[in-house]
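First the structure, which I've put down as structure tokens, then a few questions once you've had a look.
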Amino acid sequence: MKAWILFAAVLAVPVRATAPSPAHVKAQVACADCHGQAEPAKGAPAEACMGCHGDYAAMAAATKALPVNPHDSHLGQVACTKCHAQHRPGKAICMECHEFELHVK
């Protein structure tokens with residue numbers, strides 16, 4: 001019983017995210033700029049990314065010179081956060097099926 005109470009108490013504590021990406025720190029992007037609040041409880045919506053980085057078409061155009069364009073995917077318009085995670089290393093979902101070198105920023 002004591003273990004369950006301790007476990008429940010741990011879950012009730014808000015989890016703080018790690019620092020945002022160095023690029024966002026350099027640009028002085030605050031939590032509220034993407035998440036809409038100073039102490040966010042959930043991830044930022046794709047619209048927050050697009051406000052600065054452009055929409056899907058703009059990102060596809062910006063990365064068209066890459067050997068494989070991850071923003072022009074046969075999967076359609078994939079949510080930014082499927083690959084880009086500003087508080088931890090990103091992971092290209094392309095790699096779940098494909099094998100090629102792709103660096104996620």
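Might you check whether a residue that is in a helix (DSSP H, G or I), modelled with pLDDT of 90 or more and farther than 18 Å from His103 by Cα occurs anywhere in region 68-84?
Checked region 68-84: no residue is in a helix (DSSP H, G or I), modelled with pLDDT of 90 or more and farther than 18 Å from His103 by Cα.
Pairs needed: first member in region 44-63, farther than 19 Å from Ser21 by Cα; second member anywhere, among the charged types (D, E, K, R); C-beta distance under 8 Å; at least 6 residues apart or different chains.
Ala60/Asp72; Thr63/Asp72
Across region 73-105, what is the total count of residues that are under 15 Å from His53 (Cα atoms) and either of a type outside the set (D, E, K, R) or surrounded by 14 or more Cβ atoms within 10 Å (Cβ to Cβ) (or both)? Can you show your working first?
Our first condition is that a residue be under 15 Å from His53 (Cα atoms); within region 73-105, this holds for 77-81, 83-86, 104-105.
When the remaining residues are screened for being either of a type outside the set (D, E, K, R) or surrounded by 14 or more Cβ atoms within 10 Å (Cβ to Cβ) (or both), the result is 77-81, 83-86, 104.
Selection size over region 73-105: 10.
The values are calculated or read from the model by the stated rules, or taken from the named source; none is laboratory data. It should be emphasised that the depicted structure is a prediction, and the values quoted were computed from it without experimental measurement. Methodologically, a virtual Cβ is constructed for each residue, glycine included, from the backbone with ideal geometry; neighbour enumeration extends over all protein chains shown.
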